[in-house]
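The values are calculated or read from the model by the stated rules, or taken from the named source; none is laboratory data. Because the structure is a prediction, the values reported are computed rather than measured. Please note: Cβ atoms are built from the backbone with ideal geometry, for glycine as well, and neighbour counts cover all protein chains shown. Just the protein is used for accessible areas: all its heavy atoms, side chains included, with ligands, DNA and RNA removed. Shrake-Rupley method; radii C 1.70, N 1.55, O 1.52, S 1.80 Å.
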Amino acid sequence: MLEKLKKIRDEFVKELGNTQDLDHLEKIRVKYTGRKSELGDLLGSLKDMTVEERREFGSKANIARNEIDDLIKEKGENLYHKQALTESFLDITKPGKKIEAGHLHPLTKVEDEIKQIFSSMNFSVVEGPEVEDEYHNFDALNIPENHPAREMWDTFWIKQAEGKNRLLLRTHTSPAQIHYMEKHQPPFQIIVPGRVFRYEALDASHEFNFYQLEGLMVGKDISLANFKFVVEEFFKKFFKGQKIDFRFRASYFPFVEPGVEVDIKLQNGNWMEVMGAGMVHRNVFNSVKYNPNDIQGFAFGMGIDRLAMIKYKIPDIRLFYNGDLRFIKQF
Ligand code: FA5
């Protein structure tokens, strides 16, 4: 009996040593520990033995059985790890997956560049809210209710209870002029970049959500000639010496007098309007409690998207917003 047990154990150890995969290990487990195994038969025959025999052989047989179980378990864990390393989910020799770093959106880059140019000309950069009240977006800018100019800047109104100071998404960055002048005294020169919104029919140069950059310079004797100089300097720096044709054209905005628009000539010979500007209207100074007889200044509002389109020869403004990576990755 004991000899038989030893033989089973020796055979098992030998066969286990040759096992290289989990499938084979399972076959061995069934062969040596299953109900129909030789060891199973031996253990089954215990019931026919005398008490003496059972005591001696039984304990040895159980020790052998436990040893076989332990060895199978240990081998199984080894094989599992080896297999996992070599053929399945973890191949430590594979090159790592490249993590793609993003970059700034072209409009953000252009905005940063414009801010830098104006900073170099001693303008401070300030911000204004995107959700405005009716007073700052229109009334304080000399656009009273029912003024036809409100039609040019139709926008998205925020639903709220009936009240005097209705809220809206700002249609231009000009209300930031009012916020700033309410809290500061001249002389100063500021720029205000930011997002603006309009109820607009879309085409290649019109979005309903776009970016503007407001400029405001106020002092004792600031004139339109100063504005002309600042704009020319800005174009020189922004277009880096690249020759561009631009023109000043008389125009109308209720918050300036006189008013102008600035256009840049495109490669195809057409002119593109890039900003509105003018001398700050005395009614605007009145609404922020400045004395219009004491001071004067110029203001402008340029379209950042349009300047970016000209600089990078982008034919359609909608490319900035449609999320197509083939476009975005070129910058
Ligand atoms: C204004 O918004 C005035 N607040 C500008 C101003 C400021 C005038 C200070 C005088 C003094 P306008 O609506 O023209 O003006 O817009 C200014 C610029 O924003 C335009 O020249 C154009 O470059 C850009 N722009 C206007 N509408 C759109 C649009 N739908 N999509 C993209 N850019 C636009």
Round to the nearest 10 and report in Å² the accessible area of Val231, as given by a 1.4 Å probe over the protein chains' heavy atoms.
0
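Pick out, in residue order, every one of the GluC sites (Glu not before Pro) in the stretch 137-185 that is DSSP loop and has at most 16 other C-beta atoms within 10 Å; say none if there are none.
Those satisfying the criteria are Glu145, Glu162.
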So, R0 is 41 Å and r is the distance between the beta-carbons of Asp48 and Asn18; what FRET efficiency does that work out to, to 0.05?
0.75
Under 5 Å between amide H atoms, partner at least 5 residues away or on a different chain: which partners does Ser251 have, H built in plane at 1.01 Å?
Gly259, Val260, Glu261
How much of the DSSP beta bridge set in the chain is antiparallel, as a percent to the nearest 5?
95
From the phi of every residue in the stretch 165-172, what ³J(HN,Hα) in whole Hz does the Karplus formula 6.51 cos²θ - 1.76 cosθ + 1.60 yield, where θ is phi - 60° and glycine or proline is x?
8, 5, 9, 8, 7, 4, 8, 7
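How high is the FRET efficiency from His103 to Lys27, r the C-beta distance, R0 56 Å, rounded to 0.05? Before the final figure, lay out the partial values.
Details: r = 57 Å, r/R0 = 1.02.
Efficiency, from the Cβ-Cβ distance: 0.45.
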Per residue value of the accessible surface for the chain (all protein chains in place, 1.4 Å probe), Å²:
59
Taking only C-alpha pairs under 8 Å that are 6+ residues apart, what is the relative contact order of the chain in percent?
14
How large is the accessible surface of Asp245 in square angstrom, using a 1.4 angstrom probe and rounding to the nearest 10?
70
Which of the GluC sites (Glu not before Pro) across the stretch 30-110 are loop residues per DSSP, with 15 or fewer other Cβ within 10 Å?
Glu100
Residue order for His81, His281, His172 - accessible surface, 1.4 angstrom probe, largest first
His81, His281, His172
For the pair Asn209 and Asp41, what calculated FRET efficiency results from E = 1/(1 + (r/R0)^6), where r is the Cβ-Cβ distance and R0 = 56 Å, to the nearest 0.05?
0.10
Can you send over the solvent-accessible area of Ile178, 1.4 Å probe, protein chains only, in Å² to the nearest 10?
0
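Shape call for the stretch 106-328 from the C-alpha gyration tensor, a ≥ b ≥ c root eigenvalues: rounded (a/c under 1.5), prolate (a/b greater than b/c) or oblate?
oblate
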Arrange the residues Val196, Val51 by how much accessible surface each exposes, largest first, with a 1.4 angstrom probe.
Val51, Val196
To the nearest Å, what is the center-to-center distance of the stretch 96-149 and the stretch 165-206, using C-alpha atoms only?
8
Can you list the HN-Hα couplings for the stretch 213-222, worked out from phi with the Karplus curve (6.51, -1.76, 1.60; θ = phi - 60°), rounded to whole Hz and with x for Gly and Pro?
9, 8, x, 8, 10, 10, x, 5, 9, 6
Tell me, how many Å apart are the Cα centres for the stretch 50-88 and for the stretch 257-311?
88
Tensor-based shape of the stretch 189-270 (alpha-carbon gyration tensor, a/c under 1.5 rounded, otherwise prolate or oblate):
oblate
Can you give me the long-range amide H partners of Phe298? Hydrogens built in the peptide plane at 1.01 Å from N, cutoff under 5 Å, separation of 5 or more residues or another chain.
Met217, Val280
Which aspartates and glutamates, if any, have their Cα less than 18 Å from the Cα of Lys27, not counting same-chain residues under 8 positions apart?
Asp10, Glu11, Glu15, Glu38, Asp41, Glu67, Asp69, Asp70, Glu74, Glu77
Under 5 Å, built H, 5+ apart or other chain: amide partners of Ser124:
Gln189, Ile190, Ile191
Taking a threshold of 19 Å on the Cα-Cα distance, which of the pairs Lys115/Lys313; Lys109/Lys311; Lys4/Lys73; Lys265/Lys311; Lys31/Lys82 fall above it?
Lys115/Lys313; Lys4/Lys73; Lys31/Lys82
Length gained when the stretch His81-Ala201 is fully extended (0.36 nm per residue, less Cα-Cα span)
36.8 nm
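Quick one: ranking Tyr180, Tyr80, Tyr135 by accessible area, 1.4 Å probe, largest first, what do you get?
These residues rank, largest area first, as Tyr80, Tyr135, Tyr180.
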Got a number for carbon plus sulfur as a percent of the chain's accessible area, 1.4 Å probe?
52
What list of ³J(HN,Hα) values in whole Hz, one per residue of the stretch 149-161 in order, does the Karplus curve 6.51 cos²θ - 1.76 cosθ + 1.60 (θ = phi - 60°) give from phi, with Gly and Pro shown as x?
5, 4, 5, 5, 10, 6, 8, 9, 8, 8, 5, 7, 5
Segment Arg55-Lys73, extension gain: residue separation times 0.36 nm, minus the distance between their alpha carbons
3.8 nm
Once Asp91 and Ser119 are pulled to full extension, the length gained, defined as 0.36 nm per residue separation minus their Cα-Cα distance, is 4.8 nm
